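The values are calculated or read from the model by the stated rules, or taken from the named source; none is laboratory data. Here the structure is a predicted model, which is why all the values come from computation and not from measurement. We place every Cβ from the backbone using ideal geometry, glycine too, and count neighbours over all the protein chains shown. Side chains are part of the model used for accessible areas, which takes the heavy atoms of the whole protein and leaves out ligands, DNA and RNA. Shrake-Rupley method; radii C 1.70, N 1.55, O 1.52, S 1.80 Å.
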There are 2 protein chains.
Amino acid sequence: MMLFRYLLISSWVLAFPAMAMEALPDKPPIPDDNPMSDQKVALGKQLFFDPRLSVDGTISCNSCHNVMSSGTDNRSVSVGVKGQKGGRSAPTVWNAAFLTAQFWDGRAATLEDQAKGPVLNPVEMGMPNEKAVIDRLSTIPGYKEQFKAVFGGKDPLTYDNVAKAIAAYERTLITPDSPFDRYKRGDKKALSGAAERGMKLVDEVGCTGCHNGVNFAGPSLPMGQGFYQKFPTFSGTEYEKKYDLVADMGRYEVTKDDSDKHMWRVPTWRNVALTAPYFHNGSVATLDEAVRVMAKTQLNKTLDEDQVNDIVAFLNSLTGEFPEQTMPRLPDYMNASVVDTH
Amino acid sequence: MMLFRYLLISSWVLAFPAMAMEALPDKPPIPDDNPMSDQKVALGKQLFFDPRLSVDGTISCNSCHNVMSSGTDNRSVSVGVKGQKGGRSAPTVWNAAFLTAQFWDGRAATLEDQAKGPVLNPVEMGMPNEKAVIDRLSTIPGYKEQFKAVFGGKDPLTYDNVAKAIAAYERTLITPDSPFDRYKRGDKKALSGAAERGMKLVDEVGCTGCHNGVNFAGPSLPMGQGFYQKFPTFSGTEYEKKYDLVADMGRYEVTKDDSDKHMWRVPTWRNVALTAPYFHNGSVATLDEAVRVMAKTQLNKTLDEDQVNDIVAFLNSLTGEFPEQTMPRLPDYMNASVVDTH
């Protein structure tokens, strides 16, 4: 990890050609221990949309990672059970399958690990423990049958398998064929003049030192090895206080290692036009301002408005095609509610 | 209306043959001033699922009327913005198109009228006024275009048209082909022995005095003319206190007419197996107990357990086929959030 940190300081970016911006593959990496199947994806989709995974039956994964839109809730921070607010802005689930670490601080290595977190987080879905989740799902005949069919074995309905099914569904949430991807594959008319200028600028300015690779979230490291950067890299800018950028210590909160203070997983640029507000605390309302802030805090550069507009035009060209999906039908529970609300 | 009230007292039910239980038509009544079109339904579906119709971007119509399951949230009362609880249990949106009055107290005559309520209710979706809704939707290009295409005219994006689009979508939420419907159309094997006994019992006991017609929610009155019944009809039962049945004055809260005290719109039996907990306050957790309570409070009858089980078996035969739906794609808003969460 130290190597990458070193490589990413801006002086390096200026001295070496930037890493490649790449077209999005149709399929993300699939872990050996969680192969895809249609049945597993269908089960995962049900779980993703099922508010019965929350203590009071009000919040599903989709509540904060809305796959009918941006894969986020477009809020600064999310609202969980009992109206509680979370501490960080919900990252998009679209193309999260390409990330090599999950959460803003990379505390989960895989989508499977990530899926286990919010369900048990008291300010998110608020289930008291894994057993309570499994007890509840076990009472729903449709889930019991599907877990048996998908995972087999003596004890198929486990918390690990809940996470595996959700992760399998999430690996279908890929948005290929953005204007940039079409351009990259040879359709030179796919980008506007402004977007083309912006594409060159993000290289020249140095943004692609971090925002590179298929997901513009850093190089394709082995799964679990996150790609982090210090934010702000240049401290003391006007933005630091204005947007409260340093209160949250980032990855340090997980590792308690001083060198992880204010280190953050580099977020994707894909569909970034749709995922406002921006940054870990959702403090910046607009994409143009996010571009200004990043140029200043990460590269110590002040962009003029033409540059900002061109970069935003390029970022807008990273909005992909969202696959049409069928709505899941959640497994029935008969003659009573599986969530006790009395 | 007085005529129906008179007809519904239990002595009448015993003296006359019960009104017919009818199979569900494929299509509900369509009002002349809101004809159906595929484009309107698609727009209405987007609006139904769009949390941007709530003040803080967290609650959509679907949050409390989940069409991926029962058309309810299976909670005693719903949770709206800022964790606030509503006053009554969310009725199912499935087959609501057949009801001749909406809400538990019938305060909306049509689906169009109903749709306008929760968006502006401070404990539900919490938008401050109609203008705020229209201002927000107007900033979303995809909505602006669609309202123009669907409604035309000089000012197509109005609160009335928002309600019309949502109502048009809701008129597609029909669940035909329940075992009962198949039985009614000639497939005598569609019902189990218990369900068949239950079907006879609900006539003999008197339940179908109110729960009749295609939706088991009363006769097909002209749209806007609700079909109400006093609940409890027989006061002083053990259930009245246990389930807090009389605190809420029902339709009286709307009309302030003494004769409307504890009058309630008769709710549908269709998919009732899936819509627990039961009654206007969601106080009864299970369907078997709901059957016991209704027999006692409405007909002054104490059912034995075999009778309860048979009636529940019949009610379970009213679970229909839920149509497969595509997921809506919510119209994009670029480079900022349309909901200000700062």
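Compactness check for region B:45-91: Cα Rg over 2.2 N^0.38 Å is 1.08.
The rotation axis taking chain A to chain B passes closest to this chain A residue's Cβ, listed with the gap in Å: A:Gly83, 1. Measuring heavy-atom accessible area with a 1.4 angstrom probe and counting protein chains only, the residues of region A:307-339 that give up at least 50 Å² relative to the chain alone are A:Met327, A:Arg329, A:Met334, A:Asn335, A:Ser337.
Mind telling me which of A:Gly282, A:Gly83, A:Gly213 comes out most flexible in a GNM of chain A, alpha-carbon contacts under 10 Å? So, out of A:Gly282, A:Gly83, A:Gly213, the one fluctuating most is A:Gly83. Full extension of the chain between A:Lys241 and A:Thr286 gives 14.5 nm of extra length, using 0.36 nm per residue less the Cα-Cα distance.
Under a model in which nothing but the beta-carbon of Lys, Arg (+1) and Asp, Glu (-1) is charged, region B:91-239 shows a dipole of about 340 debye around its Cα centre. Principal-axis analysis of the Cα atoms of chain B puts helix B:305-316 at an angle of about 30° to the longest axis.
Between 0 and 90 degrees, the angle of helix B:193-205 with respect to the longest Cα principal axis of chain B falls at about 80 degrees. Probing with 1.4 Å while keeping every protein chain in the model, the per residue accessible area of chain B equals 41 Å².
Close amide H contacts of B:Ala276 (hydrogens built in the peptide plane, cut-off under 5 Å, sequence separation of 5 or more or a different chain): A:Asn335, A:Ala336.
A simple charge model with +1 on the Cβ of Lys and Arg, -1 on the Cβ of Asp and Glu and nothing else charged puts the dipole of region A:57-162 at about 220 debye relative to its Cα centre. Buried accessible surface for the B/A pair, both sides summed and rounded to the nearest 100, is 3700 Å² with a 1.4 Å probe. In nanometers and ordered shortest first, the copy-to-copy spacing of the A:Thr255 label point, defined 7 Å from Cα toward Cβ, is 7.0.
Residues of region B:59-84 whose accessible area (probe 1.4 Å, heavy atoms of protein chains only) drops by at least 20 Å² once all protein chains are present, relative to their chain alone: B:Asn66, B:Met68, B:Ser69, B:Asn74, B:Arg75, B:Ser76, B:Val79, B:Gly83. Taking B:Val162, B:Val202, B:Val254 in turn, the Gaussian network model of chain B (Cα-Cα springs below 10 Å) assigns the largest fluctuation to B:Val254. A prolate overall shape is assigned to chain A, the ratio a/c of its alpha-carbon gyration tensor axes (a ≥ b ≥ c) being 1.5 or greater and a/b exceeding b/c.
Rounded to whole numbers, the Karplus 3J(HN,Hα) couplings from phi for region A:328-339 are x, 9, 6, x, 6, 10, 9, 6, 6, 9, 6, 9 Hz, using 6.51 cos²θ - 1.76 cosθ + 1.60 with θ = phi - 60°, and x at Gly and Pro.
Based on DSSP H segments of at least four residues, each scored -39500 (n - 2.57), the protein assembly as shown has a per-residue ellipticity at 222 nm of -10000 deg cm²/dmol. Here the dipole of region B:161-228 is about 160 debye; that uses its Cα centre as origin and unit charges on the Cβ of Lys and Arg (positive) and Asp and Glu (negative).
Of B:Ser337, B:Ala149, B:Ala295, whose Cα points farthest to the positive end of the dipole of chain B (charges on the beta-carbon: +1 Lys, Arg; -1 Asp, Glu; origin at the Cα centre)? Farthest towards the positive end: B:Ala149. In this view, the solvent-accessible surface of A:Cys210, computed with a 1.4 Å probe and all protein chains in place, comes to about 20 Å². What's the FRET efficiency of A:Ala20 with A:Asp155 using the Cβ-Cβ distance as r and R₀ = 41 Å, to the nearest 0.05? Rounded to the nearest 0.05, the efficiency is 0.35. For peptide A:279-287, the mean count of partner chain Cβ atoms within 10 Å of a residue's Cβ comes to 2. Which percent of the accessible area of region A:236-306 is formed by carbon and sulfur heavy atoms (probe 1.4 angstrom)? In region A:236-306, the share of accessible area belonging to carbon and sulfur is 50 percent. Rounded, prolate or oblate: which fits region B:228-342, taking a ≥ b ≥ c as square roots of the Cα gyration tensor eigenvalues, rounded meaning a/c under 1.5, else prolate when a/b beats b/c? Because a/c hits 1.5 or more and a/b fails to exceed b/c, region B:228-342 counts as oblate. Applying a threshold of 26 Å to the alpha-carbon distances of A:Lys27/A:Lys82; A:Lys40/A:Lys154; A:Lys164/A:Lys256; A:Lys184/A:Lys230 flags A:Lys27/A:Lys82; A:Lys164/A:Lys256; A:Lys184/A:Lys230 as lying beyond it. Using a 7 Å projection from Cα along Cα-to-Cβ, the label point at B:Pro141 is separated from the same position in the remaining copies by 5.0 nm, smallest value first. Considered as an equivalent ellipsoid built on the Cα gyration tensor, region B:202-292 has semi-axes of 19, 19, 12 Å, the largest given first. Determine which lysines satisfy two conditions relative to A:Lys131: a Cα distance under 16 Å, and not lying fewer than 8 residues away in the same chain. Correct list for A:Lys131: A:Lys116, A:Lys144. Structure remark: mean-square fluctuation, Gaussian network model of chain A, C-alpha springs under 10 Å; the largest value among A:Phe180, A:Phe314, A:Phe322 belongs to A:Phe322. For the pair A:Asp113 and A:Asp340, a Förster radius of 30 Å applied to the C-beta separation gives a FRET efficiency near 0.55, rounded to the nearest 0.05.
Whole-Hz Karplus values for region A:287-293 come out as 5, 4, 5, 4, 5, 4, 4 Hz, taken residue by residue from phi with 6.51 cos²θ - 1.76 cosθ + 1.60 and θ = phi - 60°; glycine and proline positions read x. Counting from the shortest, the label point at B:Pro128, 7 Å from Cα toward Cβ, is 4.2 nm from the same position in each remaining copy.
Model label sites at B:Glu130 and A:Lys144, defined 7 Å from Cα along the beta-carbon direction, differ in position by 5.1 nm.
What is the percent carbon and sulfur in the accessible area of region B:56-141, measuring with a 1.4 Å probe over the protein chains and ignoring ligands? Ligands and nucleic acids excluded, carbon and sulfur reach 55 percent.
Rounded to 0.05, the FRET efficiency of the B:Met223 and A:Ser259 pair, given R0 = 56 Å and the Cβ-Cβ distance, is 0.25.
Within the straight-line cut-off of under 20 Å between alpha carbons, the lysines reachable from A:Lys189 are A:Lys200, sequence neighbours fewer than 8 places apart in one chain being disregarded. Take the alpha carbon gyration tensor of region B:83-146, find the square roots of its eigenvalues, order them as a ≥ b ≥ c, and report rounded if a/c is under 1.5; if not, report prolate when a/b exceeds b/c, else oblate. Taking the square roots of the gyration eigenvalues as a ≥ b ≥ c, region B:83-146 is oblate.
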